Amino acid sequence: MEDIKNRNCPFCNCQFSQIIYSDCGFNIVKCDHCKYIYMNPLLKEILEGVYNEKYQFSKDRLETVVRGFENGKRSFFNDRLRSIKKRRTFGKLLDVGCNYGIFLKLAKENGYQVYGVDMSQSAIKYARNELKLNVECKTLKGANFPSEYFDVISMFDVIEHVKDPIGELQEIHRVLKKDGLFFLTTPNVKVYMLKAQIVKMFPFLAYYKDNFTGTPYKANEFGLPYHINFFTPGSLTKMLIEAGFKDVSFDLCMKEKYHGRYLRNLLRMLHVMMVWLLFKLFRVYMPAEISAYAGK
Ligand SMILES: [Zn+2]
């Protein structure tokens, strides 16, 4: 078939894998050799990066997104910034995949000297013109920053989308200062698998309300087809070390304003409490989103 492409494991280049999950016509596979989890085959459009245009929202959508961020999601970004500030309180901060720049705006207000890159033209236009931020509509490699330039680099929910995750991490390693700090978030595939099992038993749990518009929609737990790489805390650590990083550690960033129904909010609250207790008491790390730090 013309529009899809089989790929080898993006981590170890092994060509053999087993299907572990299928949905919406896409397969998620586990590498036979290194156990890394990824989507295979892959749509040609995704490989070519055309999907970045999904961020080209209409003006109405943009306004809803921004209002949503400023009212509710702000606590979500605050939580991430609070986590960074525990480790590094100043310096040059680069956000890779900065989107509309809401996090960068917050970081700037907190004294960081901020930089951002994103592939979405409309998001960069907003970040530059409305928020007056120092941002570029480029890939990280395309921006070609000098080596050892940044004190802090953040990358939220990006690595699960990129074609060459190790290459992206190596470029981040290159532009990070020697004593710099790298912080990234990505969904935890262990929790995805667990959720998929639970939804199979209780199908009504698959329905969510859109955070911004309140419209109900059926969840696609794995974020298909736009998520093409899937990480556990273990496989992410392995890849960070492979890319040259050291001292990998994890934090819990789970503050989010709840918009769902009463039952779902209750379940979420219980889930957050359980995850927190597991981590604090037993060092078992099971949040739905991995928040990882690495040094150089
Ligand atoms: Zn592999």
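The values are calculated or read from the model by the stated rules, or taken from the named source; none is laboratory data. What you see is a predicted model; the values in this text were computed from it and never measured. For neighbour counting, all protein chains shown are included, and Cβ atoms are generated from backbone atoms with ideal geometry for every residue, glycine included.
If I filter the stretch 83-100 down to residues being within 17 Å of the chain's Cα centre (by Cα) and modelled with pLDDT of 90 or more, which single residue comes out as farthest from T139 (Cα to Cα)?
Here the answer is S83.
From the residues in the stretch 19-44 that are among the charged types (D, E, K, R) and within 16 Å of the ligand (Cβ to nearest atom), which one is nearest to K238 (Cα to Cα)?
Of all residues in the stretch 19-44, those among the charged types (D, E, K, R) come to 23, 30, 32, 35, 44.
Restricting the remaining residues to those that are within 16 Å of the ligand (Cβ to nearest atom) gives 30, 32, 35.
Working: K30: 15, D32: 16, K35: 11 Å.
This residue is K35.
Taking L42 as the residue in question, decide whether it is at pLDDT 70 or above and surrounded by 15 or more Cβ atoms within 10 Å (Cβ to Cβ). I'd like the intermediate steps shown before the answer.
Details: at pLDDT 70 or above: yes; surrounded by 15 or more Cβ atoms within 10 Å (Cβ to Cβ): yes.
The answer is yes for L42.
Does G167 satisfy the condition of being under 16 Å from V248 (Cβ atoms) and either under 18 Å from the mean Cα position of the chain (by Cα) or surrounded by 20 or more Cβ atoms within 10 Å (Cβ to Cβ) (or both)?
Details: under 16 Å from V248 (Cβ atoms): no; either under 18 Å from the mean Cα position of the chain (by Cα) or surrounded by 20 or more Cβ atoms within 10 Å (Cβ to Cβ) (or both): yes.
Taking the combined requirement at face value, the residue does not satisfy it.
Could you list, ordered by first residue, the pairs with Cβ atoms under 8 Å in which the first is in the stretch 1-25 and under 23 Å from L240 (Cα atoms) and modelled with pLDDT under 90 and the second is away from the ligand (no atom under 12 Å from the Cβ) and in a loop (DSSP other than H, G, I, E, B), at least 6 apart or interchain?
R7/P41
Any idea which of (1) under 19 Å from I241 (Cα atoms); (2) at pLDDT below 90 is the one A196 doesn't satisfy?
(1)
Mind checking which residues of the stretch 117-163 are surrounded by fewer than 20 Cβ atoms within 10 Å (Cβ to Cβ) and among the β-branched types (V, I, T)?
Selection gives T139 alone.
Considering only residues that are closer than 17 Å to P165 by Cα, near the ligand (Cβ under 9 Å from one of its atoms) and in contact with a strand residue (DSSP E or B) (Cβ under 9 Å, 6 or more places away or on another chain), which ones fall in the stretch 4-18?
The answer is N8, C9, P10, F11, C12, C14.
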